[in-house]
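One structure is given below, encoded as structure tokens.
The values are calculated or read from the model by the stated rules, or taken from the named source; none is laboratory data. Computed from a predicted model, the values in this text were never measured in an experiment. Cβ atoms come from the backbone with ideal geometry, glycine included; neighbour counts cover every protein chain shown. The accessibility values were calculated without ligands, DNA or RNA, using every heavy atom of the protein model including side chains. Shrake-Rupley method; radii C 1.70, N 1.55, O 1.52, S 1.80 Å.
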Amino acid sequence: MKRFIGILQFFTRIPIRVNIGFDEEFHKTMYYFPLVGFVLGILYFIIGLVSSFLFDSYITSVNILISTVILTGGLHLDGVGDTFDGIYSYRDKEKILEIMKDSRLGTNAMLSVLFLMLMKLGLIYSIVQSGQLYNLIFMPVFARMAIVIACYKSVTPRKNGMGNVFIGKPSLKMILTGIVYTVILIIIMGITLFNLNSLDLIKVIAFIPIMIILSRCFVRYIYSKIDGITGDILGCISELMEVMYLIYIYLIFGLK
């Protein structure tokens, strides 16, 4: 429980007045990454549900999108901006890492965050209109799980960095444990709370292998640029995976 609270504080802005701090085995909190995603997802769902009683579908979608930023403090959006500023500067490795560390917002950062948020808004709107708000619960789950997958057997090109706490630390057991309890929670929640049929459950769970492939392909691409991954890259992977999940749901459930 202590480690779960610790990573919940790390990844969210949920007010928890407990001082957990870091220790040498903080990477073991990665067991709970998908569970943190479930907490966020349930909050997105509740916000969307309440908002739908007060506003139309578009405003509800905006409220959900705003909540994704407020509840996470925009932590991963910062990673998106830094990643696109650096990787698409088309410089050498050292210069890319220098640009990514720069706190100033470049054109690539601004455009990448803008386009990502616009895409998210459109896809969330389609989910709200279809009445399938439950799909929002699983969006941050797969995004956090993607971070664990990306960190597996990875290295970092930096000696120091927040991402170094996790990069290269996950074990295969950690990954399998996360996948198993994620599948169990999806099935339990899907059946008991939303009365989903077997086919719909399979559709959601089927995103897991897609998530794994996309995560590893992106890591491989980043390796070709800077010979490793950083905390910013992990944040970027999380945000991009949320968009990929929403696109997948849009296509597989036919939300046109």
Once you list every other residue whose beta carbon is under 12 Å from the beta carbon of ILE210, what net charge do they have if Lys and Arg are +1 and Asp and Glu are -1?
+2
On the accessible surface of the range 100-256, probed at 1.4 Å with all protein chains in place, carbon and sulfur together account for a percent value of 67 percent
Restricting everything to alpha-carbon atoms, can you work out Rg to Rh for the chain with a Kirkwood hydrodynamic radius?
0.96
Would you tally the net charge around ARG104, using a Cβ to Cβ cut-off of less than 11 Å, leaving ARG104 out, and scoring K and R as +1, D and E as -1?
-2
With every protein chain left in place, what is the accessible area per residue of the chain in square angstrom, probe 1.4 Å?
49 Å²
Taking only the Cα atoms of the range 44-160, how large is their convex hull per residue, in Å³?
119 Å³
Placing +1 at every Lys and Arg Cβ and -1 at every Asp and Glu Cβ, with all other atoms neutral, what dipole size does the chain have around its Cα centre, in debye to the nearest 20?
440 debye
Output the relative contact order of the range 78-138, whole-number percent, from Cα pairs under 8 angstrom with separation of 6+ residues.
33 percent
For every other residue with a beta carbon closer than 15 angstrom to the beta carbon of GLY86, add +1 if it is Lys or Arg and -1 if Asp or Glu, then tell me the sum.
-2
Determine Rg/Rh for the range 103-155; Rg is computed over alpha-carbon atoms and Rh is the Kirkwood hydrodynamic estimate from the same atoms.
1.11
Quick check for the range 22-163: number of Lys pairs with alpha-carbon distance under 19 Å, counting only pairs 8 or more apart or on different chains?
5
Value of D in µm² per second that Stokes-Einstein yields for the range 162-227, Kirkwood Rh from Cα pairs, at 37 °C (0.692 mPa s):
233 µm²/s
Let me check against my output: what whole-number percent is the relative contact order of the range 1-144, with C-alpha pairs under 8 Å and at least 6 apart?
34 percent
